[in-house]
Amino acid sequence: MEFRDNKAIYLQIAEYVCEHILLGKWKADEKVPSVRELAVELEVNPNTVMRTYELLQNKDILSNKRGIGFFIAEQAVKNVKNYRKVQFMDEELPVFFRSLYLLEIGFEELQNRYQSFVKETFTNP
Amino acid sequence: MIQIDNLNFGYKKDKLLFNNMSMKLSPGHIYGLLGKNGAGKSSLLKNMAGLVYAQSGSLSVMGFDPAKRQPGLLAQICFIPEELYLPSVKIDSYVKANAPFYKDFDHAYLSTLLAEFDIPANNKLVNMSYGQKKKFVIAFGLATQAKFIIMDEPTNGLDIPSKAQFRKIMASALTEERVIIISTHQVRDLDNLIDTIIILDDSKVALHASIDQITDKLCFKNIRNLDETVIYSEPSLSGYNALLPNYHQEDSRLDIELLFNAVITDKEKLKPIFN
């Protein structure tokens, strides 16, 4: 995993976990990698992964079964979407809008691009 | 687990390297020890391991005074020095001669680490490259199961794959009972591994704070224009890499180099923020 420059590592790891959930790689009620396993895989301090897991537990995305480990919460997909949507609106959209404005890109052009992107990326032939 | 109070230490009587230095290290953390050349990083680590002796002050490592060099403590310390002196023997004989000093020595773990680090088993230690020697010493040190791991510039001499391997091994080596302290100039090698930063400067601890505490109080970001709120900045391609007070509770990523330069340039500016 490549870490970007500006965002706290524990949040970048949260995004990584959320993406795994949205893509269906990790499913509801499944056990996620232990704090140590994920720390080793991502080459980060286990305390950082712990902070990520605690954050996701507070958002009802992970649940902690004491003594067994962390699991994907039942409503994880819904909660990930809520959590990521707020983040996207607050952080990514203003940057995107700024470029749209500066480069004078219209919504029609954008919509066409968006539709072909979805078609190419997410529909299986 | 490690408590240092008012430590005074110097190699010459009239010139102190540490002046009334105090600090406390707790288990379950990886401390990054930073400082300019000659700031005393290695000397502090040697004090903790009982390899040099302080003029005054007290130093307690797991309840022991390291200067007394009692076996009970030495068996719990893994010290990886920057310069290595290894005997002219093969790995087998080295392990046979040295592992018995550590009652919990894990031979299976040593074999795993040697394989991960890709170290040839049949060469004599003296004939290995600096990087290979370093990897061997790290593997042996971790296999001792010591509770106190001291590493002086561990990534020096490691090739690119070994550095990634080292980070993985250290991430798995941190347990709730262990204290790991690593001195380094190669902050990018260890960036995400360290959870607490200690900066030595001017014979004192200039900063001792966890990454969470630092990013709670400070914000690291790229800005286009400087203003009076900026604590420290360096020019970058798209403006400035800046260190600001964290007014808006932003969760930014710690830039250790920027923080280090800020501390070294102007300690007084950061002091009120952390006190």
Amide H neighbours of B:Leu34 under 5 Å, at least 5 residues apart or on other chains, H built in the peptide plane: list them. B:Ile198, B:Ile199, B:Leu200
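Can you classify segment B:2-201 as rounded, prolate or oblate using the Cα gyration tensor, where a ≥ b ≥ c are the square roots of its eigenvalues, rounded means a/c under 1.5, and otherwise it's prolate if a/b beats b/c and oblate if not?
prolate
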Trypsin sites (Lys or Arg not before Pro) restricted to segment B:52-93 and DSSP loop, no more than 14 other C-beta within 10 Å: B:Arg69
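Do any chymotrypsin sites (Phe, Trp or Tyr not before Pro) in segment B:1-70 lie in a loop, going by DSSP, with at most 16 other beta-carbon atoms within 10 Å of their beta carbon, and if so which? Each step should come with its number before you reach the end.
Details: sites: B:Phe9, B:Tyr11, B:Phe18, B:Tyr31, B:Tyr53, B:Phe64; in loops: B:Tyr11, B:Tyr53.
Within segment B:1-70, the qualifying chymotrypsin sites (Phe, Trp or Tyr not before Pro) (loop, at most 16 other Cβ atoms within 10 Å) are B:Tyr11, B:Tyr53.
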Choice from A:Lys31, A:Lys65, A:Lys85 with maximal GNM fluctuation in chain A (Cα, 10 Å cutoff): A:Lys65
Give the Cα extents of segment A:81-122 along the principal axes, in whole Å, largest first. 29, 28, 12
Relative to the longest principal Cα axis of chain B, at what angle does helix B:107-116 sit, 0 to 90 degrees, rounded to 10? 60
Non-local amide H neighbours of B:Ser22 (under 5 Å, H modeled in plane, Pro and chain starts lacking H): which ones? B:Asn6, B:Leu7, B:Val205
B:Ala99 versus B:Lys36: modelled label distance in nm, points set 7 Å from Cα along the beta carbon direction: 4.6
P(r) of segment B:164-222 over all Cα-Cα pairs, binned every 5 Å from zero, in whole percent: 4, 14, 22, 25, 20, 11, 4, 0
Taking loop as defined by DSSP and a crowding limit of 11 other beta carbons within 10 Å, which chymotrypsin sites (Phe, Trp or Tyr not before Pro) in segment B:156-261 fit? B:Tyr247
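Please state, to two decimals, what the Cα-based radius of gyration of the protein assembly as shown comes to when divided by 2.2 N^0.38 Å (N = residues).
Details: Rg = 24.2 Å, N = 400, 2.2 N^0.38 = 21.4 Å.
Normalised Rg, Cα atoms only: 1.13.
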For segment B:144-197, restrict the atom set to alpha-carbon positions and state the Rg and Dmax in Å. 10.9, 30
On a straight-distance basis, which lysines could pair with A:Lys78 in a cross-link, Cα separation under 27 angstrom, same-chain partners fewer than 8 positions away excluded? A:Lys7, A:Lys25, A:Lys27, A:Lys31, A:Lys59, A:Lys65, A:Lys119
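For the pair A:Thr121 and A:Ala28, what calculated FRET efficiency results from E = 1/(1 + (r/R0)^6), where r is the Cβ-Cβ distance and R0 = 30 Å, to the nearest 0.05? The partial results should precede the final answer.
Numbers: r = 24 Å, r/R0 = 0.80.
It comes to 0.80.
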Please name whichever of B:Gly10, B:Leu142, B:Gly131 sits farthest to the positive end of the charge dipole of segment B:2-201, dipole taken about the Cα centre and charges placed at Cβ: Lys and Arg +1, Asp and Glu -1. B:Gly10
Rounded to the nearest 10, the angle in degrees between the Cα long axis of helix B:256-265 and the longest principal axis of the Cα atoms of chain B comes to 70
May I ask you to list the residues of segment A:21-36 whose amide nitrogen lies under 17 Å from a point 7 Å from Cα along the Cα→beta-carbon direction of A:Lys65? A:26-35
Assign unit charges at the C-beta atoms only (+1 for Lys and Arg, -1 for Asp and Glu), then state the dipole size of chain B relative to its Cα centre in Debye, rounded to the nearest 20. 900
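Just so you know, all these numbers are worked out from the coordinates, no wet-lab data involved. Only a predicted model underlies this, so the values are computations on that prediction, with no experimental measurement involved. A quick note on method: Cβ atoms are made from the backbone with ideal geometry, for glycine too, and the neighbour counts reach across all protein chains shown.
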